[in-house]
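Note sheet for the following structure.
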Amino acid sequence: MKLENKEYAYIPLAKLLDYLLSETHPVGKSKAKYLRSLGFNEVNINLLKEGLLSIARSEDVNDVISSSHGVKYVIDGTLQTPMGVIIKLRTIWAIDKDMDRPRFITAYPIETKGG
C-alpha cells in the first residue's frame, strides 16, 4: 500500500531546521549529529527535504497506526547523502483528523539485517 494522498505530502521547514538538523533539540540532536556527519546542513536542506518526500511518494507503507488525532504511516526508504553515501531511513508521516495532506513527523536511521 502507498501513502494516502502522497502527492500532497509536505514537510514544514521548521521541522527540518529546528528538529532534524538542530544539534540542541532534546530529541532531534542525535539525528542532527548523524545527518550533519553525512553532509546535510542548512545550505543543502532542500536535498534532505526532497529525499524525504521521495520516500513518502515512492515507497510502500510498512505500518499504519490510528489514533484519535489521525493516522500515522511508517515508511522505510533510502536517501543519498551529500557525501554520496546511501542510508536507510524510517520515516513517519501523519494525516491529522479532518485533514487530507500527509505531514512529516520524523525520520531516523534503521539497520538492515546482516549489516
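The values are calculated or read from the model by the stated rules, or taken from the named source; none is laboratory data. Since we're looking at a predicted model, the values are computed, not measured. Don't worry about glycine lacking a Cβ; one is built from the backbone with ideal geometry, like all the others, and counts go over all protein chains shown. Side chains included, ligands, DNA and RNA excluded: accessible areas come from the protein's heavy atoms. Shrake-Rupley method; radii C 1.70, N 1.55, O 1.52, S 1.80 Å.
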>> Looking at the chain as a GNM with Cα springs under 10 Å, which of Ser58, Ser67, Ser22 has the largest mean-square fluctuation?
In response: Ser67
> Roughly how many Å² is the accessible area per residue of the chain, as a whole number, for a 1.4 Å probe?
Replying inline: 58
>> What does the net charge come to around Glu59 if you take all other residues with beta carbon closer than 12 Å to its beta carbon, with K and R at +1 and D and E at -1?
In response: +3
>> Can you give me the convex hull volume of the Cα atoms of the chain, divided per residue and expressed in Å³?
In response: 111
> When all protein chains stay in place, what accessible area (Å², nearest 10, 1.4 Å probe) is found for Ile11?
Replying inline: 10
>> For Thr24, what accessible surface area do you get with a 1.4 Å probe? Give it in Å², rounded to 10.
In response: 120
>> Could you compute how much accessible surface Arg36 exposes when probed at 1.4 Å, giving the result in Å² to the nearest 10?
In response: 60
>> Please report the net charge: other residues with Cβ closer than 15 Å to the Cβ of Gly77, K and R +1, D and E -1.
In response: 0
